[in-house]
Amino acid sequence: MKNQGRTHPWFQIMAAKWWFKVRKWLGALRELQRERALTLTRMECAELENVFALLLMGSFVGLPAPPSFLALEIISLMEKEIHVFHQRACDGDDMLSQLLGVLGVD
């Protein structure tokens, strides 16, 4: 009865180890969720860039074109997207290049 109100030292050590493992596991789970969200955000950003490029270059596929002065100001910033569009147009009949284009491999 002399340890009334106090816990045993071994219990405190086990609780500390358990709490450390739980925090480590939760940290790993948080990192996993962060990576998933980041990957999804990057994919959405790439798709929005494709849509934006299609809006600017829409006259090539029959969409109404934006005002030309706006397109000319913005088109200089879209060098990468123009290169990707050109590459997709050149490799349009190649199934492997279409698959890699969908996956985002240059």
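The values are calculated or read from the model by the stated rules, or taken from the named source; none is laboratory data. Since the model is a prediction, treat every value here as computed from it, not as a measurement. In this analysis, Cβ positions are derived from the backbone assuming ideal geometry, glycine residues included, and neighbour counts consider all displayed protein chains.
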Check: Within the stretch 41-71, how many residues are of a type in the set (G, A, S), assigned to a loop (DSSP other than H, G, I, E, B) and under 21 Å from Q87 (Cα atoms)?
Finding: 1
Check: Filter the stretch 72-81 for residues that are aliphatic (A, V, I, L, M) and either surrounded by fewer than 14 Cβ atoms within 10 Å (Cβ to Cβ) or assigned to a helix (DSSP H, G or I) (or both); which is nearest to the chain's Cα centre (by Cα)?
Finding: L77
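Matching residues to (1) surrounded by 11 or more Cβ atoms within 10 Å (Cβ to Cβ); (2) at pLDDT 80 or above:
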residue	(1), (2)
E31	no, yes
L55	yes, no
S59	yes, no
P64	no, no
L70	yes, no
Next item on the list: Return the total of residues in the stretch 50-87 being closer than 23 Å to V105 by Cα and touching a Gly at 6+ places or on another chain (Cβ under 9 Å).
Entry: 2
